[in-house]
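All remarks here apply to the structure that follows.
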Amino acid sequence: MKSKKLLLISQVFYPDQVSTASLFTDMCSVLAEDGLEVEVWAGHPSYTVLNRQPENLVYKGINITYLRSTNFPKDNLSGRLLNMLTFTASVCIKILFSRDKTPVWTHTTPPLLGIILSFICFCKKRKFIYILLDIFPEGLIRLGKVSGRNPIIRLWQWMFFKSLSVSTKIIAIGRDIKSWIDNNCIQCNGKTEYIPHWQDDKLIFPLPFNENKFIIEEKLTERFVIQYSGNMGLWNELKTIGKVVRRNIENVEFIFVGGGVRKNELLEEFSLDEQKNVLFMPFQPNEVFNEIISASHVHLVTLRDGLEGMAVPCKIYGILAAGRPVIAIVPENSEIAYVVKEENCGIIVRPGDLDGLAAAICMLKSDESLVKQMGINSRNAFMKKYTTRVIAESYKKVLSQLYDS
């Protein structure tokens, strides 16, 4: 494998600690540890870190090149757009003038980067691997954010399918995503592969609830704690959770870690000043993340109705790693639902089903042995299927196929 090289182009990467950056940094470090030559082209950090990086850096065996790009804070919407544009421009210039034939890997963040790269690689007869973390613009159409009849959106949709057809290999992180691609892109049949997302088992591992420092400090040892941790983004359903919070189920505490564009949707359902069963925290750094994610009996994962095949909330893999049960407020035919059913690690609730969510919470609150067994099932499933090491082997197989073909 030493002769094989991987080039990943990812706007977010080390030292940022946003989910996508952390996961791909972890994956690349494992591949480098296994003897692969790993090169990454990244943008300057703009999420959890704002310090501009040197042009070249070696981190855990990964050769990182930070391309010229702006790095305005993520909360600055126009700045984020400029970050995407400047990074994309730098990538295009660099790859157009490159004579290297190393296969190029990238993902769908930002949405247009992969489309542009697929066309450049096709023209330069360079192999291109497209990792689909989510689907644009179809997801926005389903959300009602844009019209499928809009000429710009139709062009974007055409360009996306064209990029898939010229890609050498497509990796879908959900079986629902793979099914949607197979059903809508005839040229993709045979080259789309399901490889799930992953989590670092050294970063997240089970910790006893009653010995959790955070739980003790917040005096929550006698409460049944339910946590939502991570991004509250476009794909997520928060209204139902907010309405259940407002019900004040006896002895139940809700902890929300993170934020995002859907946070206000949650807050609209109750008065934060009056609500006594809820605690909000900002995104947490990796150093304390395991302690915080383990500060719960049960975790919530959500996906809005109709968005199966569009995205997979990767927070579920951290929950499995922590050995906690899941209440999944998701469509029945989504990857999250498949995982919960297969591993018997939680309860599935239809999006919008307020009574169903309340009933699931009450059932778990009243059955300590069930919560314990589902937590064990979560951790066992994680160690068998979703660690970085397990998924790295799948990526190495794809890389071998590229060099052997």
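The values are calculated or read from the model by the stated rules, or taken from the named source; none is laboratory data. Keep in mind that what you see is a predicted model, and the values were worked out from it rather than measured. With ideal geometry, Cβ positions are generated from the backbone for all residues, glycine too; neighbour counts draw on all protein chains shown.
For the criterion of being crowded, with 17+ Cβ neighbours inside 10 Å, over 28 Å from residue 132 (Cβ atoms), touching a strand residue (DSSP E or B) at 6+ places or on another chain (Cβ under 9 Å) and at pLDDT 95 or above, residue 357 passes. Regarding residue 384, is this residue assigned to a loop (DSSP other than H, G, I, E, B), without any contact (Cβ under 8 Å) to a residue 40 or more places away in the chain and surrounded by fewer than 22 Cβ atoms within 10 Å (Cβ to Cβ)? No; evaluated as a whole, the condition is false for this residue. Among the residues making up the stretch 129-152, a single one is surrounded by 15 or more Cβ atoms within 10 Å (Cβ to Cβ) and more than 27 Å from residue 194 (Cα to Cα): 146. Of the residues making up the stretch 273-307, those that are in a loop (DSSP other than H, G, I, E, B) and among the acidic types (Asp, Glu) number 3. The single condition from (1) buried (at least 19 other Cβ atoms within 10 Å of the Cβ); (2) in contact (Cβ under 8 Å) with a residue 60 or more places away in the chain that residue 21 fails is (2). The condition (being at pLDDT 95 or above, closer than 15 Å to residue 298 by Cβ and under 18 Å from the mean Cα position of the chain (by Cα)) is satisfied by just one residue among 323, 318: 318. Evaluating residue 171 against the criteria (1) surrounded by fewer than 18 Cβ atoms within 10 Å (Cβ to Cβ); (2) at pLDDT 95 or above leaves one unmet condition, (1). The selection criterion, being in contact with a helix residue (DSSP H, G or I) (Cβ under 9 Å, 6 or more places away or on another chain), under 25 Å from residue 30 (Cβ atoms) and in the same structural domain as residue 168 (by TED's automatic domain parsing), holds for residue 63. Going by the conditions given, is residue 120 in the same structural domain as residue 19 (by TED's automatic domain parsing), in a helix (DSSP H, G or I) and within 17 Å of residue 96 (Cα to Cα)? Spelling it out, residue 120 is indeed in the same structural domain as residue 19 (by TED's automatic domain parsing), in a helix (DSSP H, G or I) and within 17 Å of residue 96 (Cα to Cα). Each residue in the stretch 210-239 was checked for being of a type in the set (S, T, N, Q) and closer than 15 Å to residue 278 by Cβ, and 2 pass.
Counted as qualifying within the stretch 310-365 are the helices (runs of 4 or more DSSP H) with 3 or more residues that are under 23 Å from residue 224 (Cα atoms), namely 315-321, 354-365.
Criterion first (of a type outside the set (S, T, N, Q), modelled with pLDDT of 95 or more, part of a loop (DSSP other than H, G, I, E, B) and outside the structural domain of residue 235 (by TED's automatic domain parsing)) does residue 99 satisfy it? In short, no.
Looking across the stretch 242-278, the residues that are in contact (Cβ under 8 Å) with a residue 60 or more places away in the chain and crowded, with 16+ Cβ neighbours inside 10 Å come down to 243, 244, 249, 252.
Report yes if residue 154 is more than 22 Å from the chain's Cα centre (by Cα), of a type in the set (D, E, K, R) and either at negative phi or modelled with pLDDT of 95 or more (or both), otherwise no. So residue 154 fits the description; yes.
A single member of 356, 352, 346 is farther than 21 Å from residue 248 by Cβ and among the small types (Gly, Ala, Ser), and it is 346. Taking the numbered list (1) over 22 Å from the mean Cα position of the chain (by Cα); (2) farther than 30 Å from residue 97 by Cα; (3) not polar (S, T, N, Q); (4) not in a loop (DSSP other than H, G, I, E, B) in turn, residue 180 passes all entries but (1). Summed over the stretch 8-43, the residues that are in a loop (DSSP other than H, G, I, E, B) and more than 20 Å from the chain's Cα centre (by Cα) give a count of 3.
For the stretch 240-261, filtering for residues that are in contact with a helix residue (DSSP H, G or I) (Cβ under 9 Å, 6 or more places away or on another chain), under 19 Å from residue 143 (Cβ atoms) and either β-branched (Val, Ile, Thr) or modelled with pLDDT under 95 (or both) leaves 2.
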